[in-house]
Amino acid sequence: MASRLLQSIHKTKHGLNAYKNVVLKRAESTIRHNSKNTEFPTIVQEYSKASTGLCKVTTLPNGIRVASENTPGHFSAVGVYVDAGSRYETAKTRGVSHILDRLAFKSTNNRTADEIVSELESLGGNIMCSSSRESIMYQSAIFSQDLPRVLSLFSDVICHPTITAEEVDEQRQTALYELQEIWSKPEMILPEILHTAAYQNNTLGNPLLCPPENLETMSQQLIHDYRQTWYRPERMVIAACGAEHDQVVDLAQQYFGDLPKSEDNSLDSVQTHLEALKKQQQAGQADKTSFVKSLFSKQQEQTPLALATQPAHYTGGSSFLEATGPDSPLTHVYVAFEGVSIDDADIYALTTLQILLGGGGSFSAGGPGKGMYSRLFTNVLNQHYWVESCQSFNHCYTDSGLFGIAGSCRPEYANALVEVICRELDLVARSDVGRFAVTDVELNRAKNQLKSSLLMNLESRMVQLEDLGRQVQVHGKKTGIDEMLAHIDKVDVDELRRVAARVVRGAVSVSSGGSGKATVVVQGQLQGLTDVNKTIEKYGLGSGN
C-alpha cells in the first residue's frame, strides 16, 4: 500500500516545459544547485529535511527524463520506466505487455541470450523486469561501480531486442503454464477479475495477463508494433538512487541518447496523463450516458493518442465463479467501490482508512505492531470464528482506484460474510453509531502505522527507486516524504468519515463520471448464496448516482 501512496502528488496545470531551468518552490525548503549539465534542463528538489540527498530531474534532448536521489548506501539502484502496460492495449494487442516483460532479457542486436544471462550472473544484485497496468519497469539493485554495465545492459534489452520467433513461442508456452498456475490461486486471480468487473471493456479493466486466445495470435510483428508505438523517449524515465546525478545523466546520454526524438511530442507521458485527467473531469460534469457512448464508440479504431489520453471509466459490476471440490474448501468474497486516484487530495485520508481497517488471516504470529488492533481484526476476526481471512485493500492508479474489503470463509457462511463486510464499510462512514464509530485513538494509531510504513519502506532501495521513477514518469517531478507526512498528520476523524462516505456511498462518481455502483466478486460454492446487491443496498452502499 505504501508504494502506491508514494506515487501521490498534487495536480499541476502545466507540463514539464513549465519547469525548465527553474527550481521548484515547494512546502519543503528548496536548495538551489547549478548542474554541470547546464545544456540540459534540470529540476532540483530537496528529498527530505532529514536527508542530505537531492532529487534531480534532467530532460535529455530526445525527451527521456533522468531522475536521481543520491542518498547514501553501499548499493545503488537504477531502473528504466516505460509508460506502457495493459491499460494501453486494444483487443488486438491484449497481453503484449505481459509477453514483453517475459522477453526482457533475451537476445539483442549486440548480445546473444547466453551473453545476456552471463552478464546478469556476473553483476549479481537484483535485476528484474515487470509489467503493470500503467508501466513496464526494468529495475536493478547493484554495486555502485557497476552502474555503467547495468545501463548498458538495459539499453540493449530495451532499445535493441531481436525478439525471435523461437523466443516468442517459448514465452507463449511459459505464459500458458503461468495462467494455469495463477487460476489455482484465488489471492492472485480474484484481484484481476475484480478489475475486469470494475472497469468493463476499458483501460484498467484490461487483463494484466495475456488471455489464452491472444496467446495463439501473439507474433513478432505484433510485439514490434507495440514497442514502436509506446517505447518512445518521451514516455521513458531513467531513475537512480545512490548515484551522482551528473554521472547518471552522462551514462543515460551515452546509452539512450541515440534513441531518435519523436516527430511530435503528443505522446509525452506527463502531458497525456494531464489530458486524461482533464477528460475525466469533463466526464464528471457531463451526462454519463453520452460520455459512456463516446468512450466506447469506434473503440477498434483508436489511435495511440486516444489510448494514451483515455480516462479510466469505472462501471462496477458482479462476477460469480463456481468452484467446488477438495481444492476449493473456502468461498472468497470481494466487495469494492471506486476509490480515488493518486492525484486526488483525499488519497491520504483513504490510505489512512485502509490501514485503520487493516485485517489479515485468522491466525497471525504477530502482535499489536502487526495490525492486531485494526478494526477488521477486533470487529471481525476476533468475533466470528468462521471467518478465515478479512482484509481491506486500496488499489491506486493515475486517474482512478479500487477500495474495499476481501474475505474468505466456509461456504455455509458466505451470506453472513457479505453482511459483515458491508457493515464494516458502513460503520467507518458514520458518526451516529455510538461506540462503533471511528475514534481518535484508532485514527492516531492508523496514522502512526502509515507513517512508519512509509519511512521503513523507503529504506529499501528498490521501493525508493520505483517511487521516484513512477512519480517522475507521471508528473515530471516528485512529492517528498516530508510533504506526505504533513498531509497524513492533517487527517482528522471528520475528514476520515467524509472520505469514507464519499467512497463507500459511491459519490466518487460525481467527479469521475463512474457509475457509483459496487463491484462484487465471489468464488466458491455458490449454492445458497442470496442476492449480494440487496445486502449492499440495505446498508446504503454504492448509492452515489
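The values are calculated or read from the model by the stated rules, or taken from the named source; none is laboratory data. All figures in this text were calculated on a predicted structure; none of them were measured in a lab. Cβ atoms come from the backbone with ideal geometry, glycine included; neighbour counts cover every protein chain shown. Areas reflect the complete protein model, heavy atoms only, side chains present, ligands, DNA and RNA absent. Shrake-Rupley method; radii C 1.70, N 1.55, O 1.52, S 1.80 Å.
So the values come out like this:
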{"item": "Computed Kirkwood radius, in angstrom, where 1/r is averaged over Cα pairs of region 103-210", "result": "16.0"}
{"item": "Ratio of Rg to Rh over region 189-231 (Cα coordinates, Kirkwood Rh, two decimals)", "result": "1.06"}
{"item": "Helical mean residue ellipticity (222 nm; -39500 (n - 2.57) per DSSP H run of 4+; nearest 500) of the chain", "result": "-12000 deg cm²/dmol"}
{"item": "Charge sum, other residues only, whose C-beta stays under 12 Å from residue 234's C-beta, Lys/Arg counted +1 and Asp/Glu -1", "result": "0"}
{"item": "Carbon plus sulfur fraction of accessible area for the chain, probe 1.4 Å, in percent", "result": "50"}
{"item": "Distance cut-off 16 Å, percentage of C-alpha pairs in region 317-414 lying past it", "result": "61"}
{"item": "Selection from 228, 339, 57, by position along the positive dipole direction of the chain (Cβ)", "result": "339"}
{"item": "Over 27 Å between alpha carbons, listed pairs 106/185; 261/478; 451/538; 278/477", "result": "106/185; 451/538"}
{"item": "Sparsely packed trypsin sites (Lys or Arg not before Pro) within region 44-114, loop by DSSP, other Cβ within 10 Å at most 11", "result": "49"}
{"item": "When the convex hull of its Cα atoms is projected in every direction, mean area for the chain (nm²)", "result": "25.0"}
{"item": "Alpha-carbon Rg/Rh ratio, for region 453-492, with Rh computed the Kirkwood way", "result": "1.02"}
{"item": "Å³ per residue enclosed by the Cα convex hull of region 68-131", "result": "123"}
{"item": "Chymotrypsin sites (Phe, Trp or Tyr not before Pro) within region 319-359: DSSP coil, no more than 12 neighbouring Cβ in 10 Å", "result": "none"}
{"item": "For residue 43, distant residues with modelled amide H under 5 Å away", "result": "57, 58"}
{"item": "Rel. contact order, % - alpha carbon contacts under 8 angstrom, at least six apart, the chain", "result": "21"}
{"item": "For region 382-492, projected area of the alpha-carbon convex hull averaged over all directions, nm²", "result": "9.5"}
{"item": "Region 485-545: projected area of the alpha-carbon convex hull, averaged over directions, in nm²", "result": "6.2"}
{"item": "Computed over region 419-545, Cα set: Rg, Dmax in Å", "result": "18.5, 52"}
